[in-house]
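Here the structure is laid out as structure tokens; the discussion comes afterwards.
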Amino acid sequence: MRDPDDELEPQARDLGGGFVVQRLLPAAARQAVGPFLFFDHFGPVEAGPADNHDVRPHPHIGLATVTYLFEGAMLHRDSTGAVQRIEPGAINWMTAGRGIVHSERTPDDLRGRRRRSHGLQLWAALPQADEESEPVFAHTPAAAIPAFEVGGARLRLLVGSAYGAESPVAVRSPTLFIDLALAAGDALPLPPAPERAVYLVQGRAQLDDRPLRPGTMVLLRPGDEPMLAADDDVRAVLIGGAPLGPRRIWWNFVSTRRERIEQAADDWAGGRFASVPGETEFIPLPERRF
């Protein structure tokens, strides 16, 4: 029987315009799983023609953002000059390093009509030596992601290595991110990693003999080889990798050093971050400082 303290409950966060996400990391009980120190699940939600769920330009330092969609589309723009339509199945990995600014907006062809949105956004910490690396955006299309079956379960290996396959997504530390789809009766042994957690997106499933609840994340013990079994159609993700140690997190900034976050806040308030070509709006610095 597993310890109930290994289960993380979602916390609702309104990102503006009524766009609510369920946040699993960071949590009071656990800051990170492997390098992942932020995990948001949004949707499935249907937006109307008048809804505006755009995220205006905002800055990051010391982390990589990871965007993965199940449904819908968004348009990414950033201060490196990257412009990328993000669609289901692709992995979009933006390394902020010493500093980047980006926006996430509804593509023009979807504005003014009803549309659905469903996906995940994660932050991965960078190794301390890479915190001030050059910012870069990398898009890996859905067709380039390894997709295969294990015991009937359908897997997409988004990041890392598992089951004899390897993702083409380049990372700076050992990282694991897998999209799992199981039908009723399917069972899948979960692969090892220094730290791991399984998140049930939808459906009814069991981890060994423990029922899982949709919208919750269960932390797996090192050395365990649990079996994920589906009671009906299930969608889940497995995240993990090598831990990178504690980080300071404030607003959109991550660092091993408090003074670096304070500097980033001053730089954003002073307009010293690079701008996003074609953007004139921005999200202001929160009034309450770090």
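The values are calculated or read from the model by the stated rules, or taken from the named source; none is laboratory data. Nothing here was measured: the structure is a model prediction, and the numbers come from that model. Reconstructed Cβ throughout: ideal geometry from the backbone, glycine too, with neighbour counts over all protein chains shown. When the accessible area is computed, the model is the full protein with side chains, heavy atoms only, and any ligands, DNA or RNA have been set aside. Shrake-Rupley method; radii C 1.70, N 1.55, O 1.52, S 1.80 Å.
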Of the conditions (1) over 30 Å from L220 (Cα atoms); (2) touching an Asp or Glu at 6+ places or on another chain (Cβ under 8 Å); (3) open to solvent by 10 Å² or more (accessible area, probe 1.4 Å), P57 clears all except one; give me its number.
(3)
Are any of the residues in the stretch 109-130 under 20 Å from the mean Cα position of the chain (by Cα), open to solvent by 10 Å² or more (accessible area, probe 1.4 Å), free of Cβ contacts under 8 Å to residues at least 60 places away in the same chain and closer than 21 Å to D40 by Cβ?
no
Quick one: G97 ticks every box in (1) surrounded by 18 or more Cβ atoms within 10 Å (Cβ to Cβ); (2) touching a residue at least 40 places away in the same chain (Cβ under 8 Å); (3) within 30 Å of W268 (Cβ to Cβ); (4) not aliphatic (A, V, I, L, M) bar one, so which box is it?
(2)
For residues that are without any contact (Cβ under 8 Å) to a residue 40 or more places away in the chain and among the basic types (K, R), tally how many sit in the stretch 67-94.
1
Being open to solvent by 20 Å² or more (accessible area, probe 1.4 Å), under 18 Å from the mean Cα position of the chain (by Cα) and not basic (K, R) is true for just one of P168, P194, P211, P189. Which residue is that?
P168
So how many residues does the stretch 1-19 have that are closer than 23 Å to V55 by Cβ, open to solvent by less than 70 Å² (accessible area, probe 1.4 Å) and modelled with pLDDT of 85 or more?
2
Of everything in the stretch 249-290, what is surrounded by 12 or more Cβ atoms within 10 Å (Cβ to Cβ) and hydroxyl-bearing (S, T, Y)? Give them in sequence order.
S255, T256, S275
